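Let me give you the structure first, and then I'll get to my questions.
The values are calculated or read from the model by the stated rules, or taken from the named source; none is laboratory data. If you're wondering where the values come from, they're calculated on a predicted model, not measured in any experiment. FYI the Cβ positions are ideal-geometry reconstructions off the backbone, even for glycines, and counts take in every protein chain you see. The accessibility values were calculated without ligands, DNA or RNA, using every heavy atom of the protein model including side chains. Shrake-Rupley method; radii C 1.70, N 1.55, O 1.52, S 1.80 Å.
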Amino acid sequence: MPTFQDSLRQRLLDFTPHIAACGMQIERLDATATELRLPFREEWIGDAERGFLHPGIITTLIDSACGAAVLARIGQAEMIATLDLRVDFLRAAVRDADTLCRAHCHRLTAHIAFARATVWQAPEGEPIASAHGVFVRTQRSTREPA
């Protein structure tokens, strides 16, 4: 029998247009962590002279991974929305390498969820960015959070 995480994985790929449009791949998705991979595309370059990725695509990756981590932690279908996303860019992401983001939901209340994320390029090296996201749970769960 498929788990909620199995169905969530498929729902993210099928019903989240920007995840599919960006070609993001789900490397890991469970109640403890989510990891998304963003394959390199030339169109992600924001600084052509130096070959750096645009920070907007990194932010999109972070928001997607954090949202998926929150939903996986909740463990059932529910609507969420990003309230706040703070991203600290630590160094530039460079061309010709996939970018990965690992996120986890570290606090879950009846109305709000908090997630942390780290971004790096393959193979795993020094972080490109770290982030903290706050999400509102817009549809109250019938089950109290753990």
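Which residues, taken from segment 117-134, are more than 16 Å from Thr82 (Cβ to Cβ) and not hydrophobic (A, V, I, L, M, F, W, C)?
Answer for segment 117-134, where residues must be more than 16 Å from Thr82 (Cβ to Cβ) and not hydrophobic (A, V, I, L, M, F, W, C): Thr118, Gln121, Pro123, Glu124, Gly125, Glu126, Pro127, Ser130.
For segment 74-97, enumerate the residues that are touching a Ser or Thr at 6+ places or on another chain (Cβ under 7 Å), under 18 Å from Leu8 (Cβ atoms) and open to solvent by less than 50 Å² (accessible area, probe 1.4 Å).
Ile74, Gln76, Glu78, Ile80, Ala81
Still on this structure, I have one more. Determine if segment 1-8 includes at least one residue that is open to solvent by 50 Å² or more (accessible area, probe 1.4 Å), without any contact (Cβ under 8 Å) to a residue 40 or more places away in the chain and under 15 Å from the mean Cα position of the chain (by Cα).
Within segment 1-8 (the criterion being open to solvent by 50 Å² or more (accessible area, probe 1.4 Å), without any contact (Cβ under 8 Å) to a residue 40 or more places away in the chain and under 15 Å from the mean Cα position of the chain (by Cα)), the answer is no, since none of the residues qualifies.
Let me ask another. Please state which one of Gly67, Gly133, Gly46, Gly125 is in contact with a helix residue (DSSP H, G or I) (Cβ under 6 Å, 6 or more places away or on another chain) and either outside any helix (DSSP H, G or I) or in contact (Cβ under 8 Å) with a residue 60 or more places away in the chain (or both).
Sole residue among the options that is in contact with a helix residue (DSSP H, G or I) (Cβ under 6 Å, 6 or more places away or on another chain) and either outside any helix (DSSP H, G or I) or in contact (Cβ under 8 Å) with a residue 60 or more places away in the chain (or both): Gly133.
Here is a further query. Mind listing whichever residues of segment 30-48 are in contact with a strand residue (DSSP E or B) (Cβ under 8 Å, 6 or more places away or on another chain) and under 23 Å from Gln5 (Cβ atoms)?
Thr32, Ala33, Thr34, Glu35, Leu36, Arg37, Leu38, Pro39, listed by residue number.
Let me ask something else. So which residues in segment 17-29 are of a type outside the set (Gly, Ala, Ser), open to solvent by 30 Å² or more (accessible area, probe 1.4 Å) and not in a strand (DSSP E or B), if there are any at all?
Residues satisfying the conditions are Pro17, His18.
Within the group Leu61, Leu100, Leu71, Leu53, which residue is open to solvent by 20 Å² or more (accessible area, probe 1.4 Å), within 23 Å of Ala20 (Cβ to Cβ) and aliphatic (A, V, I, L, M)?
Testing whether each residue is open to solvent by 20 Å² or more (accessible area, probe 1.4 Å), within 23 Å of Ala20 (Cβ to Cβ) and aliphatic (A, V, I, L, M) leaves just Leu71.
What number goes with the only condition from (1) touching a residue at least 60 places away in the same chain (Cβ under 8 Å); (2) over 18 Å from Pro127 (Cα atoms); (3) surrounded by 15 or more Cβ atoms within 10 Å (Cβ to Cβ) that Thr32 does not pass?
(3)
Can you name the number of the only condition in (1) out of contact with any helix residue (DSSP H, G or I) (no Cβ under 7 Å at 6 or more places or on another chain); (2) in contact (Cβ under 8 Å) with a residue 60 or more places away in the chain; (3) not in a strand (DSSP E or B) that Phe40 fails?
Checking Phe40 against (1) out of contact with any helix residue (DSSP H, G or I) (no Cβ under 7 Å at 6 or more places or on another chain); (2) in contact (Cβ under 8 Å) with a residue 60 or more places away in the chain; (3) not in a strand (DSSP E or B), the one that fails is (2).
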